[in-house]
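Have a look at the structure below, then the notes.
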Amino acid sequence: MSKPEFLKLNDEQVRARKRRNVAIALGLLAFIALVYTVTVSRMHANNQARHETEAAALATLERADPALPAPVQPDAPAAVTQEP
């Protein structure tokens, strides 16, 4: 079995390979930054929409029937009552 023969690159080819590698790395980093930015902005928008929907639902419940018990706020701790 003989040893494989490898191509010997000259200096110009080595520099071209380095430039390609740097361009690929920068493109990959730009893509990662784009995906991260879009994800964070979509999460922020969805979070705002959820808060608006919860506020609208809470307002609807408050207007529905005054005899109903007061709705529990999602951020407030629940009141604990003890019966004798």
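The values are calculated or read from the model by the stated rules, or taken from the named source; none is laboratory data. None of these values were measured; they are calculated from a predicted model. Positions of Cβ are backbone-derived with ideal geometry, glycine not excepted, and every protein chain shown enters the neighbour counts. Ligands, DNA and RNA are stripped out before the accessible areas are found, and what is left, the full protein with its side chains, is counted by its heavy atoms. Shrake-Rupley method; radii C 1.70, N 1.55, O 1.52, S 1.80 Å.
Quick one: accessible surface of Glu12, probe radius 1.4 Å, all protein chains present, in square angstrom to the nearest 10.
130
How many nm is it between the label spots at Val22 and Arg50, if each spot is 7 Å from the Cα in line with the beta carbon?
It is 4.4 nm.
Describe numerically, in nm with one decimal, the distance between label points set 7 Å from Cα along Cα→Cβ at Val14 and at Leu34.
About 3.4 nm, to one decimal.
Once ligands and nucleic acids are excluded and a 1.4 Å probe is used, how much of Phe31 is accessible, expressed in Å² to the nearest 10?
120
As an exercise, find the ratio Rg/Rh for the range 1-46 from alpha-carbon atoms, using the Kirkwood inverse-distance average for Rh. Don't skip to the answer; put the middle values down first.
Numbers: Rg = 19.8 Å, Rh = 14.0 Å.
Reported Rg/Rh, Kirkwood definition of Rh: 1.42.
Just reorder Ser41, Ser2 by solvent-accessible area, largest first, 1.4 Å probe, all chains present. It would help to have the intermediate numbers written out before the result.
Numbers: Ser41 65, Ser2 100 Å².
The most accessible residue leads, giving Ser2, Ser41.
Which value in nm describes the separation of the simple spin-label points at Leu58 and Met43, placed 7 Å from the Cα toward the beta carbon?
2.3
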